[in-house]
Amino acid sequence: MQTIGLIGGMSYESTITYYQQINKFINSKLGKMHSAKCIIYSVDFEQIAQCQREDNWEQASKILTEAALSLQKAGADFIVICTNTMHKVVPTIQANINLPILHIAKVTANTLIEHNITKVGLLGTKYTMQLDFYKDILKQKGIEVICPEIKDMDIVNKIIFDELCQGIIKDDSRQQYLHIIEKLQKQNAQAIILGCTEIGLLIQQKHCSCKIFDTTLLHAQAAAIKAIA
(Lines give C-alpha, C1' and ligand atoms only; values in the text may rest on other atoms or scores of the structure.)
Protein backbone atom coordinates (compact mmCIF):
# COMPACT_ATOMS: atom_id res chain seq x y z
CA MET A 1 0.00 0.00 0.00
CA GLN A 2 1.26 3.47 -0.87
CA THR A 3 1.38 6.23 1.71
CA ILE A 4 -0.91 9.19 0.99
CA GLY A 5 0.36 12.67 1.81
CA LEU A 6 -2.63 14.85 2.67
CA ILE A 7 -2.35 18.64 2.75
CA GLY A 8 -5.34 19.55 4.88
CA GLY A 9 -6.76 22.25 7.09
CA MET A 10 -8.48 24.09 4.21
CA SER A 11 -10.78 23.78 6.07
CA TYR A 12 -10.42 21.28 8.89
CA GLU A 13 -14.08 20.37 8.37
CA SER A 14 -13.48 18.88 4.92
CA THR A 15 -10.16 17.34 5.98
CA ILE A 16 -12.15 15.20 8.41
CA THR A 17 -14.25 13.97 5.48
CA TYR A 18 -11.14 13.11 3.45
CA TYR A 19 -9.61 11.07 6.26
CA GLN A 20 -12.86 9.29 7.00
CA GLN A 21 -13.75 8.49 3.38
CA ILE A 22 -10.27 7.31 2.40
CA ASN A 23 -10.15 4.90 5.32
CA LYS A 24 -13.70 3.65 4.77
CA PHE A 25 -13.01 2.91 1.12
CA ILE A 26 -9.75 1.08 1.79
CA ASN A 27 -11.34 -0.96 4.55
CA SER A 28 -14.27 -1.86 2.29
CA LYS A 29 -11.83 -3.16 -0.34
CA LEU A 30 -9.26 -4.90 1.87
CA GLY A 31 -11.43 -5.93 4.79
CA LYS A 32 -10.30 -7.04 8.26
CA MET A 33 -8.76 -4.08 10.13
CA HIS A 34 -7.14 -2.47 7.11
CA SER A 35 -6.92 1.33 6.97
CA ALA A 36 -5.00 3.92 4.98
CA LYS A 37 -1.32 4.63 5.35
CA CYS A 38 -1.36 8.41 5.33
CA ILE A 39 0.41 11.49 6.64
CA ILE A 40 -1.51 14.71 7.20
CA TYR A 41 0.05 18.17 7.10
CA SER A 42 -2.66 20.55 8.30
CA VAL A 43 -2.02 24.22 7.52
CA ASP A 44 -3.33 27.31 9.29
CA PHE A 45 -6.20 28.14 6.96
CA GLU A 46 -6.30 31.81 7.96
CA GLN A 47 -2.89 32.30 6.37
CA ILE A 48 -4.16 30.75 3.13
CA ALA A 49 -7.46 32.65 3.23
CA GLN A 50 -5.58 35.94 3.69
CA CYS A 51 -3.45 35.14 0.65
CA GLN A 52 -6.62 34.48 -1.32
CA ARG A 53 -8.22 37.74 -0.24
CA GLU A 54 -5.06 39.67 -1.15
CA ASP A 55 -4.62 37.82 -4.45
CA ASN A 56 -1.21 36.71 -3.18
CA TRP A 57 -1.09 33.28 -4.81
CA GLU A 58 2.71 33.27 -4.75
CA GLN A 59 2.79 33.29 -0.96
CA ALA A 60 0.03 30.69 -0.81
CA SER A 61 2.03 28.43 -3.12
CA LYS A 62 5.08 28.81 -0.86
CA ILE A 63 3.08 27.67 2.17
CA LEU A 64 1.68 24.63 0.37
CA THR A 65 5.02 23.78 -1.25
CA GLU A 66 6.57 23.69 2.21
CA ALA A 67 3.80 21.35 3.31
CA ALA A 68 4.33 19.11 0.28
CA LEU A 69 8.09 18.97 0.84
CA SER A 70 7.50 18.00 4.47
CA LEU A 71 5.22 15.16 3.35
CA GLN A 72 7.78 14.07 0.77
CA LYS A 73 10.49 13.98 3.44
CA ALA A 74 8.18 12.07 5.78
CA GLY A 75 7.75 9.28 3.22
CA ALA A 76 4.56 10.03 1.30
CA ASP A 77 4.26 8.41 -2.14
CA PHE A 78 1.88 10.99 -3.61
CA ILE A 79 0.16 14.22 -2.60
CA VAL A 80 -3.54 15.01 -2.15
CA ILE A 81 -4.41 18.67 -1.62
CA CYS A 82 -7.67 18.62 0.34
CA THR A 83 -9.31 21.63 -1.30
CA ASN A 84 -10.43 22.68 -4.77
CA THR A 85 -9.38 26.32 -4.75
CA MET A 86 -5.72 25.79 -3.93
CA HIS A 87 -5.26 23.58 -6.97
CA LYS A 88 -4.64 26.94 -8.63
CA VAL A 89 -1.05 26.69 -7.42
CA VAL A 90 -0.49 23.01 -8.26
CA PRO A 91 1.92 23.79 -11.15
CA THR A 92 4.23 25.68 -8.77
CA ILE A 93 4.07 23.00 -6.09
CA GLN A 94 4.62 20.22 -8.61
CA ALA A 95 7.72 21.98 -9.98
CA ASN A 96 9.31 21.87 -6.52
CA ILE A 97 8.62 18.27 -5.45
CA ASN A 98 9.36 14.81 -6.79
CA LEU A 99 5.99 13.28 -5.92
CA PRO A 100 2.89 13.20 -8.13
CA ILE A 101 -0.10 15.32 -7.12
CA LEU A 102 -3.52 13.76 -7.55
CA HIS A 103 -5.42 16.65 -9.16
CA ILE A 104 -9.00 17.08 -8.00
CA ALA A 105 -10.24 18.68 -11.25
CA LYS A 106 -8.77 15.85 -13.35
CA VAL A 107 -10.44 13.27 -11.12
CA THR A 108 -13.73 15.15 -11.47
CA ALA A 109 -13.42 15.49 -15.25
CA ASN A 110 -12.76 11.77 -15.68
CA THR A 111 -15.80 10.94 -13.55
CA LEU A 112 -18.03 13.27 -15.59
CA ILE A 113 -16.85 11.59 -18.80
CA GLU A 114 -17.67 8.17 -17.33
CA HIS A 115 -21.22 9.43 -16.75
CA ASN A 116 -21.53 11.01 -20.22
CA ILE A 117 -21.88 14.51 -18.79
CA THR A 118 -21.05 17.22 -21.32
CA LYS A 119 -22.53 20.30 -19.62
CA VAL A 120 -22.20 20.89 -15.91
CA GLY A 121 -22.92 23.58 -13.33
CA LEU A 122 -20.06 24.51 -11.02
CA LEU A 123 -20.39 25.68 -7.41
CA GLY A 124 -17.36 26.60 -5.34
CA THR A 125 -15.48 29.54 -3.90
CA LYS A 126 -15.52 32.67 -6.03
CA TYR A 127 -11.92 31.88 -6.99
CA THR A 128 -12.85 28.47 -8.37
CA MET A 129 -15.91 29.80 -10.17
CA GLN A 130 -14.31 32.96 -11.61
CA LEU A 131 -10.74 31.89 -12.42
CA ASP A 132 -9.85 29.49 -15.22
CA PHE A 133 -7.45 27.04 -13.52
CA TYR A 134 -10.26 24.59 -12.69
CA LYS A 135 -12.71 25.16 -15.52
CA ASP A 136 -10.02 24.84 -18.19
CA ILE A 137 -9.27 21.26 -17.17
CA LEU A 138 -12.93 20.35 -17.66
CA LYS A 139 -13.14 22.23 -20.95
CA GLN A 140 -10.07 20.38 -22.24
CA LYS A 141 -12.07 17.19 -21.77
CA GLY A 142 -14.97 18.59 -23.82
CA ILE A 143 -17.13 19.49 -20.84
CA GLU A 144 -18.99 22.82 -20.92
CA VAL A 145 -18.98 24.60 -17.57
CA ILE A 146 -21.59 27.11 -16.42
CA CYS A 147 -21.41 29.11 -13.21
CA PRO A 148 -23.97 31.12 -11.24
CA GLU A 149 -24.48 34.82 -11.90
CA ILE A 150 -22.32 37.20 -9.89
CA LYS A 151 -24.80 37.85 -7.07
CA ASP A 152 -25.32 34.11 -6.63
CA MET A 153 -21.55 33.55 -6.66
CA ASP A 154 -21.32 35.96 -3.73
CA ILE A 155 -23.98 33.98 -1.83
CA VAL A 156 -22.25 30.65 -2.48
CA ASN A 157 -18.85 32.06 -1.47
CA LYS A 158 -20.11 33.78 1.69
CA ILE A 159 -21.82 30.63 2.95
CA ILE A 160 -18.65 28.61 2.36
CA PHE A 161 -16.37 30.90 4.33
CA ASP A 162 -18.74 32.28 6.97
CA GLU A 163 -20.54 29.02 7.75
CA LEU A 164 -19.35 25.73 6.23
CA CYS A 165 -15.64 26.21 6.93
CA GLN A 166 -16.62 26.64 10.59
CA GLY A 167 -18.97 23.67 10.67
CA ILE A 168 -22.12 25.80 10.67
CA ILE A 169 -24.96 24.14 8.75
CA LYS A 170 -28.14 26.17 8.17
CA ASP A 171 -31.28 25.01 6.39
CA ASP A 172 -31.80 28.52 5.02
CA SER A 173 -28.38 28.35 3.38
CA ARG A 174 -29.25 24.97 1.91
CA GLN A 175 -32.38 26.43 0.38
CA GLN A 176 -30.36 29.28 -1.14
CA TYR A 177 -27.97 26.77 -2.70
CA LEU A 178 -30.84 24.67 -4.05
CA HIS A 179 -32.39 27.76 -5.63
CA ILE A 180 -29.08 28.53 -7.34
CA ILE A 181 -28.82 24.92 -8.50
CA GLU A 182 -32.31 25.18 -10.01
CA LYS A 183 -31.16 28.20 -12.02
CA LEU A 184 -28.22 26.21 -13.38
CA GLN A 185 -30.57 23.37 -14.31
CA LYS A 186 -32.67 25.84 -16.30
CA GLN A 187 -29.51 26.58 -18.28
CA ASN A 188 -29.46 22.87 -19.19
CA ALA A 189 -26.80 21.76 -16.74
CA GLN A 190 -26.92 17.96 -16.74
CA ALA A 191 -25.30 17.79 -13.32
CA ILE A 192 -23.81 19.95 -10.59
CA ILE A 193 -20.22 19.87 -9.36
CA LEU A 194 -19.83 20.60 -5.67
CA GLY A 195 -16.48 22.24 -6.41
CA CYS A 196 -15.62 23.18 -2.86
CA THR A 197 -14.74 20.50 -0.35
CA GLU A 198 -17.13 21.91 2.26
CA ILE A 199 -20.30 22.07 0.16
CA GLY A 200 -20.96 18.38 0.69
CA LEU A 201 -21.56 19.17 4.35
CA LEU A 202 -24.63 21.16 3.26
CA ILE A 203 -25.80 19.56 0.01
CA GLN A 204 -26.13 15.84 -0.67
CA GLN A 205 -27.77 13.91 -3.48
CA LYS A 206 -30.93 13.43 -1.41
CA HIS A 207 -31.52 17.18 -1.54
CA CYS A 208 -31.40 17.48 -5.34
CA SER A 209 -33.34 16.15 -8.29
CA CYS A 210 -30.31 16.50 -10.58
CA LYS A 211 -27.09 14.50 -10.41
CA ILE A 212 -24.58 15.80 -7.87
CA PHE A 213 -20.83 15.21 -8.03
CA ASP A 214 -19.18 15.88 -4.67
CA THR A 215 -15.50 16.53 -5.43
CA THR A 216 -14.46 15.70 -1.87
CA LEU A 217 -15.83 12.18 -2.15
CA LEU A 218 -14.49 11.70 -5.69
CA HIS A 219 -11.02 12.90 -4.71
CA ALA A 220 -10.91 10.82 -1.53
CA GLN A 221 -11.96 7.67 -3.37
CA ALA A 222 -9.41 8.28 -6.13
CA ALA A 223 -6.70 8.66 -3.47
CA ALA A 224 -7.73 5.40 -1.83
CA ILE A 225 -7.75 3.56 -5.16
CA LYS A 226 -4.30 4.89 -6.03
CA ALA A 227 -2.98 3.90 -2.60
CA ILE A 228 -3.98 0.26 -2.95
CA ALA A 229 -3.45 -0.08 -6.72
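Screening Phe78 on (1) in the same structural domain as Glu46 (by TED's automatic domain parsing); (2) over 20 Å from His219 (Cβ atoms) shows it passes everything except condition (2).
Applying the set (1) touching a residue at least 60 places away in the same chain (Cβ under 8 Å); (2) within 18 Å of the chain's Cα centre (by Cα) to Phe133 leaves exactly one unmet item: (1).
Sort out which residues of region 148-162 are closer than 13 Å to Gly195 by Cβ and within 16 Å of the chain's Cα centre (by Cα), and write them in order of number. Spell out the reasoning first.
First, the residues of region 148-162 that are closer than 13 Å to Gly195 by Cβ: 148, 153, 156-157, 160.
Hits for region 148-162 are Val156, Asn157, Ile160.
The values are calculated or read from the model by the stated rules, or taken from the named source; none is laboratory data. A quick note: this is a predicted structure, and the numbers were derived from the prediction, not measured. Counting neighbours? That spans all protein chains shown, and the Cβs are built from the backbone with ideal geometry, glycine included.
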